[in-house]
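Engineer: Quick one: structure below, then a few questions.
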Amino acid sequence: MRPPVGSLLVRGIGTLVTNRPELGQGALGELRDVDLVIDDGVVAWIGEAGASPATDSMLDAAGRCVVPGFVDSHTHLVFAGDRVEEFTARMAGTRYDAGGISTTVAATRGAPGSELRQRAAALVREAERQGTTTLETKSGYGLTVVDESRCLEVAAGIVEEVTYLGAHVVPPEYRGKEADYVALVTGPMLEACAPNARWCDVFCEEGAFGVDASREILAAGRAHGLGLRVHANQLSAGPGVRLAVEMGAASADHCTYLDGADVDALAGSDTVATLLPGAEFSTRSPYPDARRLLDSGVAVALATDCNPGSSYTTSMPFVIALAVREMRMTPDEALFAATAGGARALRRDDLGALAPGLRGDLVVLDAPTAAHLAYRPGVDLVRTVVRAGRVLGSLFV
Ligand SMILES: [Zn+2]
């Protein structure tokens, strides 16, 4: 247990994005010239500037915009090596496929746990510096019982939301014996990994796992008490999105190639469409049709997909800028998807908005509005990050 954090006043907020339309103006429920108090990690009070109750400490936003902390609901942070040569070749015209994952699997299996921990922790700090206050991360580069377990132990030590992805790809030693690998993933590997995970994920894609194997893997995860997520329809049209809805998954991730039936299925479900435009950017691929999803009433989240192969970025501001410029999301929609959308994709009702009773996770932007995140792409606008009432790092002052 951490010691109590006391109370923190954030004063001088020029614009506060609450993500609760009933609390303020517009779709994001914006308030002007307010103060906010976080007590013992939880938002306790929002009100008129200068009228707050007394607190232990104070942070002056000096008229800046304050937004909820970013919720990055899809990353792969536990790995060794990098794939810059593959990236460079791709930028020169080589096509991306799922096969490059094996390169990272070999490097990860060969790396000591201390190296995996150190590297993943460095990526977490990198994400925090860019305003991310909640991270999900996955296994998926071990693909043996021992290596998946140790990757999940690393993950559980550094992030809040941990996902078992033994079904990332079929590893080379199981080529031609896919059924045996599925038996491992749903049997001994799952037994070893479930204690350190909240979620079970599968890469349902040609070249990875077919729909029947994916369903079997998700069902096994559910039987072990894990919530479900699916890597779906990233590289081609297919059954992944509809499988995610059928299985009641919290999220279908990527959603790059969708047909009308996929969109209808998502719209009539509790499954969030998590879009990962960093992957399309880094693989020079067509972006998902975010407008069609939003206009059909689908709940949309944005996340980085941070991984060494197809999206080596931890930056949610970059993802927001891509979503606005390349996927025609409005700045309000993109900010909401990167905060409240991510919280919903993780089925967390204590995150993703700033209102009394929710966790005190916020970002002070060096800008007057949240739209500046897209309007000023590539510029570091993150001034101060607060998680559960604690000011993170000393890098921001
Ligand atoms: Zn992924």
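Engineer: Scan segment 372-393 residue by residue and report those that are part of a loop (DSSP other than H, G, I, E, B) and either touching a strand residue (DSSP E or B) at 6+ places or on another chain (Cβ under 9 Å) or on the phi > 0 side of the Ramachandran plot (or both). Give the steps one after another, and end with the answer.
Structural biologist: Going through segment 372-393, the residues part of a loop (DSSP other than H, G, I, E, B) turn out to be 376-381, 388-389, 392-393.
Result: GLY378, LEU381, ALA388, GLY389, LEU392, GLY393.
Engineer: While we're looking at this one, here's another question. Hey, LEU235 hits all of (1) outside any helix (DSSP H, G or I); (2) away from the ligand (no atom under 15 Å from the Cβ); (3) surrounded by 19 or more Cβ atoms within 10 Å (Cβ to Cβ) but one; which does it fall short on?
Structural biologist: Only one criterion is unmet by LEU235, namely (2).
Engineer: Please work out if PRO288 is within 15 Å of the ligand (Cβ to nearest atom) and touching a residue at least 12 places away in the same chain (Cβ under 8 Å).
Structural biologist: Working: within 15 Å of the ligand (Cβ to nearest atom): yes; touching a residue at least 12 places away in the same chain (Cβ under 8 Å): yes.
When the stated conditions are applied, PRO288 passes them.
Engineer: Another question, then. If we scan segment 257-272, do we find a residue that is touching a Gly at 6+ places or on another chain (Cβ under 7 Å), of a type in the set (Gly, Ala, Ser) and touching a residue at least 40 places away in the same chain (Cβ under 8 Å)?
Structural biologist: No.
Engineer: So in segment 137-171, with the set limited to residues that are hydrophobic (A, V, I, L, M, F, W, C), assigned to a loop (DSSP other than H, G, I, E, B) and touching a residue at least 60 places away in the same chain (Cβ under 8 Å), which one is nearest to GLU205 (Cα to Cα)? Even if it seems obvious, please write down each step before you answer.
Structural biologist: So in segment 137-171, the residues hydrophobic (A, V, I, L, M, F, W, C) come out as 143, 145-146, 151-152, 154-156, 158-159, 162, 165, 167, 169-170.
If we keep only those that are assigned to a loop (DSSP other than H, G, I, E, B) too, we end up with 143, 159, 169-170.
Those left that are additionally touching a residue at least 60 places away in the same chain (Cβ under 8 Å): 159, 169.
Details: VAL159: 27, VAL169: 9 Å.
Restricting to residues being hydrophobic (A, V, I, L, M, F, W, C), assigned to a loop (DSSP other than H, G, I, E, B) and touching a residue at least 60 places away in the same chain (Cβ under 8 Å), the top hit is VAL169.
Engineer: Can you tell me which condition GLU86 does not meet? The list is (1) assigned to a helix (DSSP H, G or I); (2) closer than 25 Å to ALA120 by Cα; (3) modelled with pLDDT of 95 or more, and all the others hold.
Structural biologist: Every listed condition holds for GLU86 apart from (3).
Engineer: Follow-up question, since we're still on this one. Output the residues belonging to segment 323-354 that are over 18 Å from THR18 (Cβ atoms), in contact with a Phe, Trp or Tyr (Cβ under 9 Å, 6 or more places away or on another chain) and within 16 Å of the ligand (Cβ to nearest atom).
Structural biologist: The answer is LEU346, and nothing else.
Engineer: Find the residue count for segment 1-38, including only residues that are part of a strand (DSSP E or B), more than 26 Å from the chain's Cα centre (by Cα) and over 22 Å from THR369 (Cβ atoms).
Structural biologist: Residues in segment 1-38 being part of a strand (DSSP E or B), more than 26 Å from the chain's Cα centre (by Cα) and over 22 Å from THR369 (Cβ atoms): 4 in total.
Engineer: On to the next question. Let me spell it out: the conditions are (1) in contact with a Lys or Arg (Cβ under 9 Å, 6 or more places away or on another chain); (2) touching a residue at least 12 places away in the same chain (Cβ under 8 Å); (3) of a type outside the set (Gly, Ala, Ser), and GLN25 meets all of them except one. Which number is the exception?
Structural biologist: (2)
Engineer: Given the conditions (1) surrounded by 18 or more Cβ atoms within 10 Å (Cβ to Cβ); (2) among the β-branched types (Val, Ile, Thr); (3) modelled with pLDDT of 95 or more, report the number of the one that ILE101 does not fulfil.
Structural biologist: The failed condition is (3).
Engineer: Give the residues of segment 238-248 that are away from the ligand (no atom under 14 Å from the Cβ) and of a type in the set (A, V, I, L, M), sorted by residue number. Walk me through it before giving the result.
Structural biologist: Quick first cut of segment 238-248, residues away from the ligand (no atom under 14 Å from the Cβ) only: 238-239, 241-243, 245-248.
Selection gives VAL241, LEU243, VAL245, MET247.
The values are calculated or read from the model by the stated rules, or taken from the named source; none is laboratory data. Here the structure is a predicted model, which means the values were calculated and not measured. All Cβ positions, even for glycine, are placed from backbone atoms using ideal geometry, and neighbour counts span all protein chains on display.
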